[in-house]
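The values are calculated or read from the model by the stated rules, or taken from the named source; none is laboratory data. For clarity, every value in this text was computed on a predicted model and none was experimentally measured. Cβ placement follows ideal geometry from the backbone for every residue including glycine, while neighbour counts extend to all protein chains displayed. Protein only, heavy atoms only, side chains kept; ligands, DNA and RNA dropped before computing areas. Shrake-Rupley method; radii C 1.70, N 1.55, O 1.52, S 1.80 Å.
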Number of protein chains: 2
Amino acid sequence: MSAFNTLVQHFKTISHFSHLSAICGWDQASMMPNGGAQARSEAMAELSVHIHSLMTKPQLEEWFASAASESLNHQQISTLREMKRQWRQANVLPESLVQAKSLAGSKCEHAWRTQRKENDWVGFEKNWAEVVKLSQEEAAIRADATGLTPYDAMLDIYEPGTTTQSLDVVFNDVKSWLPDLIDAAIEKQKSEQIIMPNGHYATETQKALGLDVMKLLQFDFNHGRLDESVHPFCGGVPSDVRITTRYSEEEFVQSLMGIVHETGHARYEQGLPKSLAGNPVGEARSMGIHESQSLFFEMQVGRNENFIHHLAGLAATHFKDSDKHVLEVENMKKLYTRVKRDFIRVDADELTYPSHVILRYEIERDLMNGKIKHTDLPELWDTKMQAYIGLSTKDNYRNGCMQDIHWTDGSFGYFPSYTLGAMYAAQFMAAMKKTVDVDSVIRSGDLTPIFTWLSDNIWSKGSLFTTDELVTQATGETLNAEFFKKHLTSRYLG
Amino acid sequence: MSAFNTLVQHFKTISHFSHLSAICGWDQASMMPNGGAQARSEAMAELSVHIHSLMTKPQLEEWFASAASESLNHQQISTLREMKRQWRQANVLPESLVQAKSLAGSKCEHAWRTQRKENDWVGFEKNWAEVVKLSQEEAAIRADATGLTPYDAMLDIYEPGTTTQSLDVVFNDVKSWLPDLIDAAIEKQKSEQIIMPNGHYATETQKALGLDVMKLLQFDFNHGRLDESVHPFCGGVPSDVRITTRYSEEEFVQSLMGIVHETGHARYEQGLPKSLAGNPVGEARSMGIHESQSLFFEMQVGRNENFIHHLAGLAATHFKDSDKHVLEVENMKKLYTRVKRDFIRVDADELTYPSHVILRYEIERDLMNGKIKHTDLPELWDTKMQAYIGLSTKDNYRNGCMQDIHWTDGSFGYFPSYTLGAMYAAQFMAAMKKTVDVDSVIRSGDLTPIFTWLSDNIWSKGSLFTTDELVTQATGETLNAEFFKKHLTSRYLG
């Protein structure tokens, strides 16, 4: 067997174990009773160790060397590149650092759950110092191995090919117009009257409504399910995608759009190329592209006026006894586009969200590159919140620099993906509109042309191309914040 | 580390992978959409191969040899015995035979699903010939390795320590009185009037009722769940036991008692010794003892008149709009003790069930020991059905010798477990009654003393003792069919 084929077979084996990990992970979050946690986490840890041992199998180096000199077609070259990428990621760090960071991260994250509630920056800072130090070591090693700057080497884990240089360009662009846009939108919405959901929205009814909306979005129920979990996510495997949501019986708005968002992730997974299943090249391109699909569903389709019509109609069918004024199209539109300056990223609206992300990006970038110290965090956060969102977080760690879980375990480099996703989604929509009459299609209730475009341009490509290649093929250019600006301006000031 | 501890650690690793296999297996049967089947079965096959490779790791032989000369206490000796037993089972057969049997079994079973419907013995016989031949080879190799007869060596997989010699004694005993008892019971029930369930029993309501009954049976919901599957089973792991049922909306009787049955299996698993978790010695003793717990719940507790009172009361609470006469205690009792001569084992009542099993036992015993040919099956089946149950299956393969799945893939030696379980359950109940006022306890609705007895005598013992030791400690003697006879006589003629 050629070295290339040996590699493909080895990664197929790894994918089988990852499959089991994904299903058991979903089970853990959505099905497992509490008492099962201890034994499950031990079993999952054993599986991780096994997957890691497969990923660091000594022969791989030789196979990669041999495969490089074999005659490969374009698809095989991409396949080799993606296998090698995952292999490098798994092998670049010394075991001792991985373990030390994992320990420090678990400790910091665990304590953070209490410290955040108690607004205890001093306590948090003590644990976090170690996480930052080890993450900086990690970034240095990754930088060495890739020839990138430390922060870019961390970014590369989630967004291969994306660099500080390119992010600075697009994020500075956003920063140049977003604050004014937020001001204008808030001013415009000042006089609006909104009727808030208020009443009993039974979980079972919300679930039935969610399933109807998933049908409208052509979720493939032969290859996936909807369940519940504390933190909504999209998990499972492409042949069997598990999305989750959580229900509050006091309102249905958040859960419903959450389902739309996760369905976007799910359809990307369901639409990945089947012929490449079980290989890294058949996986989703990046976190940012994944988020572009969920946000395409949530922001580009889900908040489209014509889609809100469907949502309102379906909601009225299900919530027969609830206040009809809540469910009127105009009210639903307002509910889904309300702009508000607030402290918390995860609760932020479409318009203020990028500011939260850019703030984090600038801080983690400078932290990994050694330009700032971890103790500078609270002051930097306060300054940037005032500049970008107009709110001070002085002494308010809980709702300021201690609000997110990401940094507690050292996941530096992830935050940009959220806003990259929103920008890619806007750019994809602009490109799609050249050939698809999106508004009519949504109005018709048969959204097939939209999904065909996404499938042809994004889903079916897996990781065959780099992000820049993928986006250029789909839209004619690489990431351009202009589309995002146009989209936001049109929606919030149009 | 001592060889003994090395072994314990290795089996702990194996148990982690078995954990994942159990959860993914449960998911496959109760959650997975159809489209996920192909990728899942590939992932599960990979996991099986991995578990097998751990179980056949070459160093194990040396570790077992060294551990045998280490100074071990009683518990460690039992632990070593059980680890060795599983190791032997996994290593005794040559890979080529395992694969050949697996292939022939899959082929035969797959074709059987159609052939059974078509009453096609001729077609079935062609595939089955190979399964029988390979199973006979397997039995011969196992016999060689254990010094047992071929059939006893197959029995040993499911019922270690149980032999043809002992089974012949108890089953011949049963055969000497059961046919008359069946006649008498049917005669006695002739004049009874039963009101059959008939109406709409909503799945959701049945589920709520089932959960209430599980609470009465003190199922630990912090360590388990109830779900649905086509074929009900008890799966998962001791810290997280997954039982399933299936609902027919036309009646609730079968599903409800099915839940009681699976809860018996579940409480055994939940009650296994936590300190021995992850080791073979901490697992259930045998298939027969497992079945003794499910049948203890189903037959000894579940069909106890005082328990039927609870069932009827709970059913009346849940099925508010259904025919009240169906749910009256006297009618429920009749529904749950109706005796009927019939062809199908899985639908058989408590009284005729052993005849179905003994018939199969005698045939598989003689088949594995080479006393009969596989082509003799239909005639033998017909003769024995006439003798034991009074029905002819001549030319009726579908409802005769082709009705069960077990032999299609060569699982010879399993059938006795069902009736062993029923007999052990009766014997345990007789022993329990010496110290527990079972009827009053059940009447009171707090069944704790019953579960304490089972926990003390069965559940908490895991596989620390042989079946004979376990049963003797619990009841003062080894298996004795007399208790079963008394139980059946009292229930059906009392």
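Projected onto its three principal axes, the C-alpha set of the range A:42-85 covers 43, 19, 11 Å, listed from the longest axis down. In loop segments of the range A:170-213 as defined by DSSP, the GluC sites (Glu not before Pro) with at most 16 further C-beta atoms inside 10 Å of their C-beta are A:Glu192.
Modelled spin-label separation between B:Glu95 and A:Lys57, with each label point placed 7 Å from Cα along the Cα-to-Cβ direction: 1.4 nm. The GluC sites (Glu not before Pro) of the range A:317-382 that meet both conditions, a loop assignment by DSSP and at most 15 other Cβ atoms within 10 Å of the site Cβ, are A:Glu328.
Counting Cβ atoms of other protein chains within 10 Å of each Cβ in A:15-26 and taking the mean gives 5. Taking 45 Å as R0, compute the FRET efficiency from the Cβ-Cβ separation of A:Lys133 and A:Trp177 and round it to 0.05. Plugging the Cβ-Cβ distance into 1/(1 + (r/R0)^6) gives 0.75. Take the range A:184-266 with all the other protein chains still there, run a 1.4 Å probe, and you get 44 Å² of accessible area per residue. Plainly put, the tip 7 Å out from Cα toward Cβ on B:Ser53 is 0.9 nm from that tip on each other copy, the closest given first. Apply 1/(1 + (r/R0)^6) to the Cβ-Cβ distance of A:Gln189 and B:Asn399, taking R0 = 56 Å, and write down the FRET efficiency to the nearest 0.05. That gives a FRET efficiency of 0.20.
Orientation-averaged projection of the protein assembly as shown equals 44.2 nm² [convex hull of Cα atoms, one quarter of hull surface area].
Of the trypsin sites (Lys or Arg not before Pro) found in the range B:267-322, those in coil by DSSP whose Cβ has at most 10 other Cβ atoms within 10 Å are B:Lys320.
Chain A contacts chain B over a buried accessible area of about 2700 Å², both sides summed; the probe is 1.4 Å and only protein chains count. Could you tell me the distance between the Cα centroids of the range B:364-407 and the range A:85-164, to the nearest Å? If you average the Cα positions of each part, the centres end up 66 Å apart. Computed over the Cα atoms of chain A, the ratio of the radius of gyration to the Kirkwood radius (Rg/Rh) comes to 0.95. The Rg/Rh ratio for the range A:48-162, using Cα coordinates for both the radius of gyration and the Kirkwood hydrodynamic radius, is 1.09.
Taking a ≥ b ≥ c as the square roots of the eigenvalues of the alpha carbon gyration tensor, the range B:1-91 is prolate, as a/c is not under 1.5 and a/b beats b/c. Each principal axis of the Cα cloud of the range A:105-241 was evaluated for its coordinate range; sorted largest first, these ranges are 53, 46, 38 Å. Counting from the shortest, the label point at B:Leu493, 7 Å from Cα toward Cβ, is 9.6 nm from the same position in each remaining copy. Using a probe of 1.4 Å on the protein chains alone, the accessible area found for A:Lys373 is around 130 Å². Mean partner shielding of peptide A:213-226, defined as the number of other chain Cβ atoms within 10 Å of each residue Cβ, is 2.
What does the accessible area of B:His52 come to, in Å² to the nearest 10, when a probe of 1.4 Å is used? That residue has around 60 Å² of solvent-accessible surface. How high is the relative contact order of chain B, given as a whole-number percent (alpha carbon pairs under 8 Å, six or more residues apart)? Relative contact order, chain B: 20 percent. Roughly speaking, to the nearest percent, how much of the protein assembly as shown's 1.4 Å accessible area is carbon and sulfur? In the protein assembly as shown, the share of accessible area belonging to carbon and sulfur is 52 percent. Hey, what number do you get for chain B at 222 nm if only DSSP H runs of n ≥ 4 count, each worth -39500 (n - 2.57), divided across all residues, to the nearest 500? So the helix-based figure for chain B works out to -20500 deg cm²/dmol. The residue of chain B whose Cβ sits closest to the rotation axis that maps B onto A, together with that distance in whole Å, is B:Leu20, 3. Remark: the B:Ser48-B:Lys486 segment gains 153.3 nm on full extension, using 0.36 nm per residue and subtracting the alpha carbon distance.
Summarise the partner chain shielding of A:36-45 as one whole number: the mean count of Cβ atoms from other chains within 10 Å of each residue's Cβ.
Average neighbour count from other chains, rounded to a whole number: 6.
What FRET efficiency comes out for the pair A:Thr472/B:Lys84, r = Cβ-Cβ distance, R0 = 56 Å, nearest 0.05? That gives a FRET efficiency of 0.35. Take A:Gln218, push a point 7 Å out from Cα through the beta-carbon direction, and compare it with the same point in every other copy: 5.6 nm, smallest first. For the range B:117-133, backbone phi angles converted through the Karplus equation (6.51, -1.76, 1.60; θ = phi - 60°) give residue-by-residue couplings of 4, 8, 6, 9, 5, 4, x, 4, 4, 4, 6, 5, 3, 5, 4, 5, 4 Hz, Gly and Pro being listed as x.
Spatially, the range B:170-246 and the range A:421-492 are offset by 55 Å when compared through their Cα centroids.
Its alpha carbons considered, the range A:235-381 gives a radius of gyration followed by a Dmax of 19.1, 58 Å.
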